[in-house]
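Following: one structure in structure tokens, then a few remarks.
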There are 2 protein chains.
Amino acid sequence: MSILAVGSIAFDCIATPSGRVENVLGGSATYFSLAASYFTDVRVVAVVGEDFTADHENVMKKRRVDTRGIEHAPGKTFRWGGQYLENLNEAKTDFTELNVFEKFQPRIPAEFMDSEFLFLGNIHPSLQAAVRLEMNAVKLTGGDTMNFWIQGARKELVETLRLVNILLINDGEAKMLAGETSLPKAAKKVLAMGPQALVIKHGEYGATIFFREGAFGVGSHPFRAPALPIEEVKDPTGAGDSFAGGFMGYLASQGDINREVIKRALFYGGVMGSFAVERFGTERLQSLSKGEIDARFQLFRELTHLG
Amino acid sequence: MSILAVGSIAFDCIATPSGRVENVLGGSATYFSLAASYFTDVRVVAVVGEDFTADHENVMKKRRVDTRGIEHAPGKTFRWGGQYLENLNEAKTDFTELNVFEKFQPRIPAEFMDSEFLFLGNIHPSLQAAVRLEMNAVKLTGGDTMNFWIQGARKELVETLRLVNILLINDGEAKMLAGETSLPKAAKKVLAMGPQALVIKHGEYGATIFFREGAFGVGSHPFRAPALPIEEVKDPTGAGDSFAGGFMGYLASQGDINREVIKRALFYGGVMGSFAVERFGTERLQSLSKGEIDARFQLFRELTHLG
């Protein structure tokens, strides 16, 4: 089934211990769409400026991502600069230039209205809610958020969480959202806010999915997928969005949502996240093969499974 | 096969968000021995003071731990006080009274010399080395260490690492020992110092075992075991030693060391660590049943395994 991704497209300036790049294509919608494109049909809604060229758009088109929802606005594309020189697990933001992203009002093309799966990337919770309410055919909605909205738009975020089936956030965001230092307790509190499932991403330690009692009929036991111990993480940017793309993309490809499908989706999330960090920007996500993805899935299995 | 544990016996004063206890039986040898006792015959070498009573010793004897290697010295037993009020993942030490532990010189009873497995708890690396060199029948040696020795007795520690087959340390210790911020790179450097395998404990995220090329004939792919998402961690003290006890105890119980045995050992390490933190001190480790351990092993499997 097809999945619609709403989020940001950006040009990133990134410094890591492995090097430095300027103005590479990034943004949550970009990483998500490329990662999900290996599993299902992807449609993207985002805004770009006049500096976004056909070459940039072709990065997505080559992966058969439907880009008709990319709005071209006067001005410059969203730019972000950050570094991971001291800590590969957390970006230190150097600058944020919102540019055309500041006034982003997602407009869903009529051709996208039949999307069965929806991913609400990290934008203002009110925009997330508006998109979700507009999309009538949606069977399952995944969502992301961040500390900025948890602190600055909490009321709107809490409203939005009622419309999200699966929330994907990291450890720090889950603890902040719940006001809890214990992760399992935080998970319980977040699930009480609305989502049927909560994926907490632990960076290099993998991710855990927690379920609300009765959700999807899959039982309430959590499930954990690993991350690959990668010796040289070149660039962690987009790892979380790539994880979400692998997770949601695999779910959308299966149609039926059961416990086994969700477990595999969590593994595919980790797989796509592990590819994303091997190169700067979206480079690695642009030209993967099914064989490479399968082989890495198998590695994840060997890393965690008893005989 | 039998396992000999050398380490500390202590009285602990512990404060956590769940409460506070005074002078409860603790120490690396105590947690290790109790955890390992569910898998194999355990012998313990440690030192205690005059305040260590028959009742204290009976905690171990009830678990059939051979306590003939506990030396009773004039003076007081090692005391440690610490709290986890702000961070359950890291103890803040309130006080350390070494007492009889300060002059600890491990003496191995003749009856223990045929032990096939050896665990060198967190004591001065030179004492660890001396014990290992004295034990001729040992087939496999596990060892622990800490930041204090990595910084303060590095030369001696590096010597000791050549005598240790499997080193068990946490993320921070591995990074400090290797001088590396990437965990997989740190693992490679530590393995180059001598051990055939390195278990890195990630706290609530589980543990990963890394192998030196060719070690144990098990291949060089790492393996990762989870930790259980426990809503209320009552007291994290001793979790690492309990992990080591489950890990080494299971290895000793199997005799043959192959990849499957090592993988299961890592799971049993997590299982015993997860029990340890459910109650203050060693309470939970004193009266487990085989059924409880099996059930939790199964939970760990369900938490991580695809169908």
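The values are calculated or read from the model by the stated rules, or taken from the named source; none is laboratory data. From a predicted model like this one, the values you see are computed outputs, not experimental measurements. In this analysis, Cβ positions are derived from the backbone assuming ideal geometry, glycine residues included, and neighbour counts consider all displayed protein chains. Just so you know, the surface numbers come from the protein's heavy atoms only, side chains and all, with ligands and any DNA or RNA stripped out. Shrake-Rupley method; radii C 1.70, N 1.55, O 1.52, S 1.80 Å.
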task = Run the dipole for the stretch A:139-236 about the Cα centre, Lys and Arg Cβ at +1, Asp and Glu Cβ at -1, nothing else charged, and hand back the magnitude in debye, nearest 20.
result = 480 debye
ask   = What accessible area, summed over both chains, is buried at the A-B interface (1.4 Å probe, Å², nearest 100)?
value = 3200 Å²
request  = Would you tell me which residue of chain B has the beta carbon closest to the rotation axis bringing chain B onto chain A, and how many whole Å away it is?
outcome  = B:Y205, 2
task = For chain B, calculate the relative contact order in percent as a whole number, restricting contacts to Cα pairs under 8 Å that are 6 or more residues apart.
result = 18 percent
remark   = Accessible-area loss of at least 30 Å² in the complex relative to the chain alone (1.4 Å probe) applies, within the stretch B:220-245, to B:H221, B:P222, B:F223, B:R224, B:P229, B:E231
ask   = In chain B, what percentage of the DSSP-assigned beta bridges are antiparallel, given to the nearest 5?
value = 40 percent
task = Kindly tabulate the residues in the stretch A:183-198 with an accessible-area decrease of at least 20 Å² between the chain alone and the assembly of all protein chains, using a probe of 1.4 Å.
result = A:L183, A:P184, A:K185, A:K188
query = So what's the back-of-envelope 222 nm ellipticity for the protein assembly as shown, counting only DSSP H runs of four-plus at -39500 (n - 2.57) apiece and dividing by all residues, rounded to 500?
reply = -11000 deg cm²/dmol
query = When ranked by the protection proxy of mean other Cβ atoms within 10 Å per residue, highest first, what sequence do the peptides A:112-125, A:8-21, A:252-265 form?
reply = A:112-125, A:8-21, A:252-265
Teacher prompt: A:E260 distances to equivalent labels in other copies, 7 Å Cα→Cβ, nm = 2.3
ask   = Given label points at 7 Å from Cα along Cα→Cβ, what nm distances, shortest first, separate B:A153 from the same residue in every other copy?
value = 5.6
task = Along Cα-to-Cβ, 7 Å out, sits the label point; list in nm, shortest first, how far the one on A:I230 is from those in the other copies.
result = 3.3
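With a sphere of radius 14 Å drawn around the Cβ of B:S8, what net charge do the other residues whose Cβ falls strictly inside it have (Lys, Arg +1; Asp, Glu -1)?
Details: positive: B:K76, B:R79, B:K103; negative: B:D12, B:E71, B:E97, B:E102, B:D144, B:D241.
Summing Lys/Arg as +1 and Asp/Glu as -1 gives -3.
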query = Which value in nm describes the separation of the simple spin-label points at A:M113 and B:N23, placed 7 Å from the Cα toward the beta carbon?
reply = 7.7 nm
query = Quick one: Karplus J couplings for the stretch A:243-248, per residue in order, coefficients 6.51, -1.76, 1.60, θ = phi - 60°, nearest Hz, x for Gly and Pro?
reply = 4, 4, x, x, 5, 5
task = Quick one: which residues, 5+ away or cross-chain, put their amide H under 5 Å from the amide H of B:E71? H built at 1.01 Å from N.
result = B:A46, B:V47, B:V48
B:F95 versus A:R154: modelled label distance in nm, points set 7 Å from Cα along the beta carbon direction = 4.0 nm
inquiry  = Residue by residue through the stretch B:154-160, what is 3J(HN,Hα) from phi via Karplus (6.51 cos²θ - 1.76 cosθ + 1.60, θ = phi - 60°)? Round to whole Hz and write x for glycine and proline.
reply    = 4, 4, 5, 5, 4, 4, 5
remark   = GNM on chain A, Cα springs under 10 Å; top mean-square fluctuation among A:Q128, A:Q83, A:Q151 goes to A:Q151
remark   = So, relative contact order of the stretch B:31-173 in percent, Cα under 8 Å, 6 or more apart, is 17 percent
Cα→Cβ-extended label distance, 7 Å offset, between B:S2 and A:I230, nm = 5.0 nm
task = Any chance you could check the stretch B:277-307 for residues losing 10 Å² or more of accessible area when the partner protein chains are in, compared with the chain on its own (1.4 Å probe)?
result = B:L299, B:R301, B:E302, B:L303, B:T304, B:H305, B:L306, B:G307
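Rounded to the nearest 20 Debye, what is the dipole magnitude of the stretch B:180-307 about its Cα centre when Lys and Arg each give +1 and Asp and Glu each give -1 at the C-beta? Show your work: numbers first, answer last.
Details: 15 positive and 14 negative charges, 91 e Å.
Computed charge dipole of the stretch B:180-307: roughly 440 debye.
Treating the beta-carbon of each Lys and Arg as +1 and of each Asp and Glu as -1, no other charges, what is the dipole magnitude of the protein assembly as shown about its Cα centre, to the nearest 20 debye?
Once rounded to the nearest 20, the dipole reads 740 debye.
Could you sort B:T53, B:T141 by accessible area so the largest value comes first, with the probe set to 1.4 Å?
Result, largest first: B:T53, B:T141.
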message = Considering only protein heavy atoms and a probe of 1.4 Å, how much of the accessible area of chain B is carbon and sulfur, as a whole percent?
response = 49 percent
key: Accessible area in square angstrom per residue, the stretch B:163-307, 1.4 angstrom probe   = 32 Å²
ask   = Over 21 Å between Cα atoms, which of A:K61/A:K290; A:K263/B:K234; A:K92/A:K185; A:K139/A:K290; B:K62/B:K290 qualify?
value = A:K263/B:K234; A:K92/A:K185; A:K139/A:K290
